[in-house]
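S.K.: Please see the structure below; I have some questions.
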Amino acid sequence: MHASLNAERRAAMGRRGAFVTGAIVGTSSLMLVATGGSVVATLVAEAGGAGTVNPTMITAMLLNIAIIVFARHRHRALSRTLGQLDDADERAIQLASRDPLTGFLNRRSLSEDSATMLARARTRSKAMAMLLIDLDHFKSVNDMHGLATGDALLRAVGAEIAAILPPAALAARLGSDEFACGMLFDPGHPDVVERIAEKLVARLAQPFRLDGATVHVSASVGIARSDFDCASADALLRAADIAMFAAKGAGRGRFAWFDPVMERALQVRNDLENGLRSAIPACEIVPYFEQQVDLATGRLSGFEVLARWEHPTRGVISPEQFIPIAEESGMIGELSLSIMRQAFAAARDWDPALTLSVNISPTQLKDAWLAQKIIKTLTETGFPAHRLEVEITESSLFDNLALAQSICGSLKNQGIRIALDDCGTGYSSLAHLRALPFDRIKIDKSFVQSIIGNPESAAIVNTIVRLGDSLNLPVTAEGIEDAAIETRLKALGCGKGQGYHYGRPLPLGRARQLLAERRLLRFSGDDLTSRRRAG
């Protein structure tokens, strides 16, 4: 907008300059005609012997000629300058409307051109589709390979998008790793749009070779259509954005059409995210305790700490609803440490043989200060480090194994034990067991729950138990739901188990009641005095 305003100002100045120059030339020409006529008449008279030439008249004529020559030269120079300014203005307008990295439209230009395309769709009985493309895992490309490689990837992605889109389509880069495309289609044939979306997803999932590095990303694509509740270009873009987030939530590397249900789900998600921001410091997210049992003796050996949101109006909210939101919004670290702090403080007076297991999110393993934060929490609450077991899922090790090794090493140095969680669901469990100092293996509940009727699950569980024996690592089975599964695991030699067979996860009050009934609470002197007085 500023570029076009400047261009208009310069054009007006150029017109004024041209007018002034033209006026000078015109005035000088009139003067030349006037003085030149007199001079010529005098010269003719002199030639006939009838008079003398007036020197003043000759000087005036020559001066007018000089003014005319100068003005014409000035007019040409001004024209050249205005032409150069017009070229510069054109370049400035181009830069103001285009993304400099890919040459695509920018967000403002997309909004303007989309409105025009939408109006054209209505006059031609067509529909407009808006595709919003977001690259998955783009940040890791910048982190691992540098910003120059990230820019090269964006240019390559832009070239692939341009090659797939139909000629009349709009293409824009909205920012960072987000692109948008608009096109017209026959409302009765949305499969045309789906084929383009499929091509985009498939091509962007292929490796890119950039500056000697092979880069892997994928794309999540959201699609909205103008004939379904999208009255404006901005509404169309917003609906495509909502559909893109739904595609990400469904597993990434896919496309999804907008559905009004998605918008309602997004509103619920936003409400939960806003609620989390106040719920974490208010300690509404509290620890629940799932029993871990020694399968050989049946004795309680410890608890896994789980998070539950005790919402003041909605009741207890399960972690499946709020943990992904906490991870995506960057609140998972604060939430996790809050749960640890509450659990550690509560478990200080439990039997010293009882342990606590806490889960670490993959997002937290990207924090180089994680070990120090956990150790600080232990120190502040007075909970012994040797009674803590930190559980790490195998999938969280893929992004930065070296950092995970550093974090685990720091925790181990303080006496904290490390467990490989969800074993059997990854791709290289044995490699990670060798690379990291694990103290325990936990079998994923999906295999444990189907061990009776599924031979493949039984084989996997048996293999993991044997692997633990060979590496001298104790094994815990998650998801034990009945006595038959427990008996099968005992026969295989599995050491510990947890699951609904031993009871649902307990809030702190009921966990303490259970421990008191089993005489597994240590009472302080003040507590003992209070008990005697009460008796």
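The values are calculated or read from the model by the stated rules, or taken from the named source; none is laboratory data. Computed from a predicted structure; not experimentally measured. Neighbour counts run over all protein chains shown; Cβ positions are idealised from the backbone, glycine included. Heads up: the accessible areas ignore ligands, DNA and RNA and are worked out on the full protein's heavy atoms, side chains in. Shrake-Rupley method; radii C 1.70, N 1.55, O 1.52, S 1.80 Å.
S.K.: For segment 179-199, which residues satisfy the criterion of being open to solvent by 50 Å² or more (accessible area, probe 1.4 Å) and not aliphatic (A, V, I, L, M)?
M.R.: The answer is Asp186, Gly188, His189, Asp191, Glu194, Arg195, Glu198, Lys199.
S.K.: Scan segment 112-160 residue by residue and report those that are open to solvent by less than 40 Å² (accessible area, probe 1.4 Å), of a type in the set (Val, Ile, Thr) and in a helix (DSSP H, G or I).
M.R.: Scanning segment 112-160 gives Val141, Thr149, Val157.
S.K.: So which of Leu306, Leu276 ends up being open to solvent by less than 60 Å² (accessible area, probe 1.4 Å), modelled with pLDDT of 95 or more, part of a helix (DSSP H, G or I) and within 22 Å of Phe344 (Cα to Cα)?
M.R.: The conditions single out Leu276.
S.K.: Go through (1) open to solvent by less than 10 Å² (accessible area, probe 1.4 Å); (2) part of a helix (DSSP H, G or I) and name the single condition Glu320 misses.
M.R.: (1)
S.K.: Separate question: Output the qualifying pairs, or none if there are none: Cβ atoms under 7 angstrom, residues six or more apart or on different chains, first residue in segment 274-286 and free of Cβ contacts under 8 Å to residues at least 60 places away in the same chain, second residue in a loop (DSSP other than H, G, I, E, B) and of a type in the set (A, V, I, L, M).
M.R.: Listed pairs, sorted by first residue: Leu276/Met331; Ile280/Met331.
S.K.: If I filter segment 438-475 down to residues being closer than 19 Å to Leu397 by Cβ and acidic (Asp, Glu), which single residue comes out as most open to solvent (accessible area, probe 1.4 Å)?
M.R.: Taking the candidates together, the pick is Asp439.
S.K.: Of all residues in segment 200-226, which are over 19 Å from His137 (Cα atoms) and surrounded by 14 or more Cβ atoms within 10 Å (Cβ to Cβ)?
M.R.: If the condition is that a residue be over 19 Å from His137 (Cα atoms) and surrounded by 14 or more Cβ atoms within 10 Å (Cβ to Cβ), then Ile223, Ala224, Arg225, Ser226 are the ones that fit.
S.K.: Let me ask another. So for segment 325-339 (the condition being over 30 Å from Ala491 (Cβ atoms), outside any loop (DSSP other than H, G, I, E, B) and free of Cβ contacts under 8 Å to residues at least 12 places away in the same chain), does at least one residue qualify?
M.R.: Residues of segment 325-339 that are over 30 Å from Ala491 (Cβ atoms), as a first pass: 325-339.
With the extra rule that they be outside any loop (DSSP other than H, G, I, E, B), the set shrinks to 325-329, 332-339.
Subsequent filtering for residues that are free of Cβ contacts under 8 Å to residues at least 12 places away in the same chain retains 328.
Yes; the residues of segment 325-339 include at least one that is over 30 Å from Ala491 (Cβ atoms), outside any loop (DSSP other than H, G, I, E, B) and free of Cβ contacts under 8 Å to residues at least 12 places away in the same chain.
S.K.: Quick one: Ser524 ticks every box in (1) within 41 Å of the chain's Cα centre (by Cα); (2) modelled with pLDDT under 95; (3) within 27 Å of Val286 (Cα to Cα) bar one, so which box is it?
M.R.: Of everything listed in (1) within 41 Å of the chain's Cα centre (by Cα); (2) modelled with pLDDT under 95; (3) within 27 Å of Val286 (Cα to Cα), Ser524 misses just condition (1).
S.K.: Tell me whether segment 371-380 contains one or more residues that are closer than 27 Å to Arg512 by Cβ, assigned to a loop (DSSP other than H, G, I, E, B) and of a type in the set (D, E, K, R).
M.R.: No, segment 371-380 has no match at all.
Every residue, every condition in (1) out of contact with any Pro (no Cβ under 7 Å at 6 or more places or on another chain); (2) open to solvent by less than 10 Å² (accessible area, probe 1.4 Å); (3) of a type in the set (Ser, Thr, Tyr); (4) over 22 Å from Arg348 (Cβ atoms), yes or no:
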| residue | (1), (2), (3), (4) |
| --- | --- |
| Ile375 | yes, no, no, no |
| Thr379 | yes, no, yes, no |
| His386 | yes, no, no, no |
| Glu391 | yes, yes, no, no |
| Glu394 | yes, yes, no, yes |
| Phe398 | yes, no, no, yes |
| Leu403 | yes, no, no, yes |
| Ile407 | yes, yes, no, yes |
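S.K.: Taking only pairs six or more apart or across chains, which ones have beta-carbon atoms under 8 Å, a first residue in segment 476-492 that is open to solvent by less than 60 Å² (accessible area, probe 1.4 Å), and a second residue that is of a type in the set (Ser, Thr, Tyr)?
M.R.: Gly479/Ser446; Ile480/Tyr500; Ile480/Tyr502
S.K.: Okay, next question. Return the total of residues in segment 250-269 being touching a residue at least 24 places away in the same chain (Cβ under 8 Å), open to solvent by 50 Å² or more (accessible area, probe 1.4 Å) and under 29 Å from Thr149 (Cα atoms).
M.R.: Residues that pass the stated criteria total 3.
S.K.: Also: Could you say which residue among Gly83, Gly146 is modelled with pLDDT under 85 and small (Gly, Ala, Ser)?
M.R.: Checking each option against the conditions leaves just Gly83.
S.K.: How many residues does segment 235-248 hold that are surrounded by fewer than 18 Cβ atoms within 10 Å (Cβ to Cβ) and under 18 Å from Ala171 (Cβ atoms)?
M.R.: 0
S.K.: Mind checking whether some residue in segment 171-179 is over 20 Å from the mean Cα position of the chain (by Cα) and of a type in the set (Phe, Trp, Tyr)?
M.R.: No.
S.K.: Output the residue which, of all residues in segment 309-325 that are among the hydrophobic types (A, V, I, L, M, F, W, C) and either modelled with pLDDT of 95 or more or touching a strand residue (DSSP E or B) at 6+ places or on another chain (Cβ under 8 Å) (or both), is nearest to Leu266 (Cα to Cα).
M.R.: It comes out as Phe322.
S.K.: When you scan segment 262-316, how many residues do you find that are over 14 Å from Met340 (Cα atoms) and in contact with a Pro (Cβ under 6 Å, 6 or more places away or on another chain)?
M.R.: Qualifying residue count, segment 262-316: 1.
S.K.: Among residues belonging to segment 96-111 that are open to solvent by 30 Å² or more (accessible area, probe 1.4 Å) and assigned to a helix (DSSP H, G or I), point out the one that is nearest to Gly188 (Cα to Cα).
M.R.: Once the filter is applied, the top-ranked residue is Ser111.
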